[in-house]
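The next block holds one structure in the form of structure tokens; read it before the comments.
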Amino acid sequence: MAFEKITEATSLYGDLEQKTTRGMLEEMNVENAKVIQAVQNAIPRIEELVNRIVPRMQRGGRLFYLGAGTSGRLGVLDASEIPPTFGMPSTCVVGLIAGGDAALRAPVENAEDDTEQGWKDLLQHRVNDRDTVTGIAASGATPYVTGALRAARKHGILTAVITGNPGSPAAAEADIPIEVIVGPEYVTGSSRMKSGTAQKLVLNMISTSVMIQLGRVKGNRMVHMQLSNRKLVERGTRMLVEALGIPCEQAHTLLLIHGSVQKAMEHFRGE
């Protein structure tokens with residue numbers, strides 16, 4: 001497939017600075033609606049990736065996200081939400097961004113253009129063939145991502161990429177290319193918009209599906225969530241009240257003693 005940079009194609013809308021606020025918002029929303037179908041089209045590839053990640057993680061493997069700019073930030077965000085949501089260690093899903101943590105808040109000049117640094121960053125975490133490396137690159141041509149995928153694949157590591165262009169260099173280096181083609185951005189080339197939204201949706205789907213299959217959800221409840229604030233303690237208490245049919249005060253005490261909904265339920269049921 002020929003590499004076509006749809007993410008850089010000219011916007012379908014012109015003279016943006018002359019539009020009313022309402023007009024801009026409605027046009028943006030028309031474009032946002034296209035993201036859902038694009039993600040739907042990519043579900044077979046997303047399914048393949050999830051089904052290959054789960055057994056690898058059951059054997060102690062990890063999931064690495066790797067990207068630059070908006071793509072890197074979204075990967076770090078998704079990874080950072082795994083411990084509080086599912087009670088997994090922070091080493092289970094790891095987000096890496098070109099330029100390091102400083103790039104989360106401000107661009108780091110030329111960081112994404114280094115074809116070697118992505119693999120060096122992975123080596124800092126002792127990446128191995130039980131792990132999965134998922135690149136995130138709207139263009140599909142980010143050197144930081146493409147170089148890391150190429151090196152990871154050479155070392156027998158499962159690779160995937162989430163991109164907004166068909167037939168990209170990064171996809172050629174990935175065992176599982178997830179191509180979410182959302183079309184030209186409202187502001188030409190601004191892939192923080194539809195492309196970023198699509199990436200966020202796909203990352204949520206991957207990590208949540210994996211965690212459910214690893215037993216971190218029961219029914220539809222986050223029974224392993226970290227009780228890091230009052231809201232979450234109250235949520236956990238309600239879960240226990242509903243699941244066990246016990247008074248709220250008893251559920252609250254049980255939860256605080258055992259530290260998680262799952263452990264509290266197991267103790268109460270004598271499991």
Restricting attention to the alpha-carbon atoms of region 212-251, what are Rg (one decimal) and Dmax (integer), both in Å? 10.6, 32
Starting from the alpha-carbon convex hull of the chain, give the projected area averaged over all orientations, in nm². 16.9
Among the aspartates and glutamates, which fall within straight-line cross-link reach of Lys5, defined as a Cα-Cα distance under 15 Å, with same-chain neighbours fewer than 8 residues apart omitted? Glu179, Glu185
Is the shape of region 32-72 best called rounded, prolate or oblate, per the rule: a/c under 1.5 gives rounded, else a/b larger than b/c gives prolate, else oblate, with a ≥ b ≥ c the square roots of the Cα gyration tensor eigenvalues? oblate
q = 0.15, 0.21, 0.22, 0.26 Å⁻¹, region 191-271: log10 I(q)/I(0) [Debye, one scatterer per Cα]: -0.60, -0.90, -0.95, -1.17
Lys, Arg +1 and Asp, Glu -1 on Cβ, resulting dipole of the chain about Cα centre, debye, nearest 20: 980
Show me the ranking of peptides 11-21, 150-160 by mean Cβ neighbours inside 10 Å, starting with the highest. 150-160, 11-21
In the structure shown, do any of Lys120/Lys231; Lys120/Lys218; Lys19/Lys200; Lys34/Lys120 have a Cα-Cα gap over 30 Å, and if so which? Lys120/Lys231; Lys120/Lys218; Lys34/Lys120
Taking all protein chains as present, what is the carbon and sulfur share of the accessible area of the chain, in % to the nearest whole number, probe 1.4 Å? 50
Residues of type aspartates and glutamates that Lys154 reaches as a straight line, Cα spacing below 12 Å, ignoring anything fewer than 8 places off in the same chain: Asp129, Glu173, Asp175
Can you give me the orientation-averaged projected area of the convex hull built on the Cα atoms of region 96-225, in nm²? 9.3
Summarise the long-distance tail of P(r) for region 25-104 by giving the % of C-alpha pairs beyond 23 Å. 38
Take Cys248 and Ser90, extend 7 Å from each Cα along the Cα→Cβ direction, and tell me the distance between the two endpoints in nm. 3.4
For region 42-117, which trypsin sites (Lys or Arg not before Pro) pass both filters: DSSP loop (anything but H, G, I, E, B) and at most 10 other C-beta atoms within 10 Å? Arg59, Arg105
Within region 80-98, backbone nitrogen closer than 17 Å to the virtual label 7 Å beyond the Cα of Asp113 toward Cβ: 98
Over the chain, the sum of -39500 (n - 2.57) across DSSP H runs of at least four, divided by residue number and rounded to 500 deg cm²/dmol, gives at 222 nm -16000 deg cm²/dmol
Using the Cα atoms of region 1-70, I'd like the radius of gyration and the largest Cα-Cα distance, Dmax, both in angstrom. 18.6, 57
Would you mind working out the accessible area per residue for region 91-131, using a 1.4 Å probe, and quoting it in Å²? 65
How much accessible surface area, in Å² rounded to 10, belongs to the heavy atoms of Glu234 with a 1.4 Å probe? 90
Total charge of the residues flanking Pro55 in space, meaning their Cβ is under 15 Å from its Cβ, with Lys and Arg +1 and Asp and Glu -1, is 0
Under the 0.36 nm per residue contour assumption, what length would be gained going from the current alpha-carbon distance of Arg153 and Phe268 to full extension? 36.7 nm
Heads up, region 65-132 by the C-alpha gyration tensor (a ≥ b ≥ c square roots of eigenvalues; a/c under 1.5 rounded, else a/b over b/c prolate, else oblate) looks oblate
Residue-normalised accessible area of region 187-255, expressed per residue, 1.4 Å probe, Å²: 51
Say R0 is 25 Å: what FRET efficiency, to the nearest 0.05, do Ala102 and Arg126 get from their beta-carbon distance? 0.65
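The values are calculated or read from the model by the stated rules, or taken from the named source; none is laboratory data. Since the model is a prediction, treat every value here as computed from it, not as a measurement. Here the Cβ is made from the backbone with ideal geometry for all residues, glycine too, and neighbour counts use every protein chain on show. Ligands, DNA and RNA are stripped out before the accessible areas are found, and what is left, the full protein with its side chains, is counted by its heavy atoms. Shrake-Rupley method; radii C 1.70, N 1.55, O 1.52, S 1.80 Å.
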